[in-house]
Every structure is written in C-alpha cells, then in structure tokens.
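Take a look at the structure set out below.
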Amino acid sequence: QVQLVESGGGSVQAGGSLRLSCAASGRTSSVYRMGWFRQAPGKEREFVSAISWSSGTTNYADSLKGRFTISRDNAKSTVYLQMNSLKPEDTALYYCAARRNGGSYSSAFLYDYWGQGTQVTVSS
C-alpha cells in the first residue's frame, strides 16, 4: 500500500502562484508514476500532470503547459506541482495519485492510490 498526503492548496488571486506537495509513504518502491488530477464542482476529474518516478519524464495536459510544472524529490518521496499565472478556471480540488505500472499517464482509472485532495481557489 502507498499513502499519499497533499498539501499547499489555498486561496489566491488570479495571476498568483501556488505550489502543491504530495508526500508518499508506505511501499513507495512499487511506484512507477505519480500524477496530479483536479476536479471542479459539477465537472469530471481531469488529468493535470504526471511524472515517472525513476526517469523523471513529465507529461502535462495541453491546456496547462507553460503554467504548471511537476517535479519530484525521490529522497523525500515527494512530488510537487508548481502552478503559476493561476486563473479562476483553475479552481478545483487537486488530487495526487500513484500507480504501479506504465500505460496511459492521463487515465485516472489506471492509478492505484489516491490522496484526499487539496483545495485550490482562484479569485478574479
């Protein structure tokens, strides 16, 4: 089992920045990839970004490239999501997820473990 705990959410004005953190514990040696997803009220959960735990290869939703950056610190078993130039439409509950295997990085159903989420609210 892998446990994930997100932090760093909050309220910010449009144009501001936030950095989310996701600390993993448990059988982290089994993790192949970690990702961030978000879900706004009344909408489906959507892919934000993912990173390969060993190689560091990163992937992003096309609409977020250039504003969001994912990174990892293997020694701390922590993944980060730096979010810049935030917009009101970025308001959502942001989830961290981990998976044991490869495959489509953007498919939420392929992720094995999920955190509880951290709220990000961007006001105009």
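The values are calculated or read from the model by the stated rules, or taken from the named source; none is laboratory data. All values reported here derive from a predicted model rather than from experimental measurement. Neighbour counts run over all protein chains shown; Cβ positions are idealised from the backbone, glycine included. Ligands, DNA and RNA are excluded from the accessible area calculation, which covers all protein heavy atoms including side chains. Shrake-Rupley method; radii C 1.70, N 1.55, O 1.52, S 1.80 Å.
Descriptive notes on the structure:
- Selection within the range 105-120 - assigned to a strand (DSSP E or B) and open to solvent by less than 50 Å² (accessible area, probe 1.4 Å): TYR113, THR118, VAL120
- Pairs where the first residue, in the range 72-85, is on the phi > 0 side of the Ramachandran plot and open to solvent by less than 50 Å² (accessible area, probe 1.4 Å) and the second is assigned to a helix (DSSP H, G or I) and among the polar types (S, T, N, Q), C-beta under 9 Å, 6+ apart: SER77/THR28
- Applying the set (1) closer than 22 Å to SER123 by Cβ; (2) open to solvent by 70 Å² or more (accessible area, probe 1.4 Å); (3) modelled with pLDDT of 95 or more; (4) more than 12 Å from the chain's Cα centre (by Cα) to GLN3 leaves exactly one unmet item: (1).
- Subset of the range 86-104 [open to solvent by less than 10 Å² (accessible area, probe 1.4 Å) and of a type in the set (Lys, Arg)]: ARG99
- Members of the range 77-104 that are outside any strand (DSSP E or B) and closer than 17 Å to ARG33 by Cβ: SER77, ARG100, ASN101, GLY102, GLY103, SER104
- Unique residue being touching a residue at least 24 places away in the same chain (Cβ under 8 Å) and either touching an Asp or Glu at 6+ places or on another chain (Cβ under 9 Å) or surrounded by fewer than 19 Cβ atoms within 10 Å (Cβ to Cβ) (or both) when the list is GLY35, GLY15: GLY15
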